Amino acid sequence: MKTVKHILQGKSSVIHAVSQNTLVLDALQMMMEKNISALLIVENDALVGIFTERDYARKIILQGKSSKDTPIHVVMTHNPRTITTEEKIESCMELMTTNHFRHLPVVENDIVIGIISIGDLVKHIIDDQRQTIDQLQSYISS
């Protein structure tokens with residue numbers, strides 16, 4: 001069974017992160033520039049939170065806060081659930097579906113080494129199924 005390690009091998013190793021004192025507006029600007037929907041919050045190389053578009057919608061917009069004046073630590077999700085590279089892809093899908101989140105930080109030895117999204121998982125599963133179909137068609141044809 002394939003693991004998170006397989007997904008990370010096909011992704012960029014760049015980790016987009018900000019500190020807890022980053023203003024929400026600056027975080028949103030970075031998310032727009034990088035075309036991402038989640039940012040990790042890191043202090044002293046330790047993961048302390050995650051900020052997503054969902055956090056913005058629910059904790060800034062709906063609560064009438066200002067993106068210009070609010071530090072990200074006020075609205076981030078503290079101590080997010082993390083996984084390791086050895087986590088099975090199916091387990092990640094179940095975890096994300098059950099808990100209604102779309103991003104999982106990948107941590108090894110207390111160091112953030114990546115992040116996977118529900119989109120990464122779906123893409124991997126589709127690619128894996130396509131490969132299986134191709135192999136079966138090749139087998140049938142021979």
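Where does the chain land at 222 nm, in deg cm²/dmol rounded to the nearest 500, when only DSSP H runs of n ≥ 4 count, each adding -39500 (n - 2.57), divided by all residues? Don't skip to the answer; put the middle values down first.
On the way: 5 runs with 56 residues, N = 142.
Helix contribution divided over all residues of the chain: -12000 deg cm²/dmol.
With a/c under 1.5 counting as rounded, go ahead and sort the stretch 34-117 into rounded, prolate or oblate using the C-alpha gyration tensor (a ≥ b ≥ c being the square roots of the eigenvalues; past the cut-off, prolate if a/b is larger than b/c, else oblate).
Details: a/c = 2.52, a/b = 1.53, b/c = 1.64.
Oblate is the answer for the stretch 34-117, as a/c is 1.5 or above yet b/c matches or exceeds a/b.
Give me the angle, in degrees from 0 to 90, between the Cα long axis of helix 89-99 and the longest principal axis of the Cα atoms of the chain, rounded to the nearest 10.
Orientation of helix 89-99: about 40 degrees from the principal axis.
Which of the GluC sites (Glu not before Pro) found in the stretch 32-102 are in a DSSP loop and have at most 13 neighbouring Cβ atoms, other than their own, within 10 Å?
Of the GluC sites (Glu not before Pro), the ones in loops of the stretch 32-102 whose Cβ has at most 13 other Cβ atoms within 10 Å are GLU86.
In whole Å, what are the extents of the stretch 4-69 along the principal axes defined by its C-alpha atoms, from largest to smallest?
41, 24, 19
Hey, fewest Cβ within 10 Å first, where do ARG54, ARG102 land in order? Mind showing how you got there, number by number?
Details: ARG54 15, ARG102 18.
In order of increasing Cβ crowding within 10 Å: ARG54, ARG102.
Please report, in whole Å³, the volume per residue of the convex hull around the C-alpha atoms of the chain. Please report the intermediate quantities before stating the final value.
Working: hull volume 17.3 nm³, N = 142.
Value for the chain: 122 Å³ per residue.
First select every other residue whose beta carbon is under 15 angstrom from the beta carbon of ILE61; then total the charges, Lys and Arg +1, Asp and Glu -1.
Taking every Cβ under 15 Å from that of ILE61, the sum is +2.
What list of ³J(HN,Hα) couplings, whole Hz, do you get for the stretch 74-83 from phi and the Karplus terms 6.51, -1.76, 1.60, once you set θ to phi - 60° and write x for glycine and proline?
For the stretch 74-83, the Karplus curve yields 6, 10, 6, 8, 6, 6, x, 5, 10, 9 Hz.
How do the peptides 105-118, 11-24, 58-71 rank, highest first, by the average count of neighbouring beta carbon atoms within 10 Å per residue? Walk me through the numbers before you get to the answer.
Details: 105-118: 17.1, 11-24: 14.8, 58-71: 12.5.
Ranked by mean Cβ neighbours within 10 Å, highest first: 105-118, 11-24, 58-71.
Taking the beta-carbon count within 10 Å as an exposure proxy, list HIS100, HIS78, HIS6, HIS73 from fewest neighbours to most. Let's see the in-between values first.
Values: HIS100 7, HIS78 10, HIS6 13, HIS73 17.
The most exposed by this proxy come first: HIS100, HIS78, HIS6, HIS73.
So for ILE72, ILE126, fewest C-beta neighbours within 10 Å to most, what's the order? Write down the numbers at each step before the final one.
On the way: ILE72 25, ILE126 10.
Ascending number of Cβ neighbours within 10 Å: ILE126, ILE72.
Throughout, read-outs are computed from the coordinates displayed, never taken from laboratory work. The shown structure was predicted, so the numbers you read here are calculated from the model rather than taken from an experiment. Every residue, glycine as well, gets a Cβ built from its backbone with ideal geometry; the counts of neighbours run over all protein chains shown.
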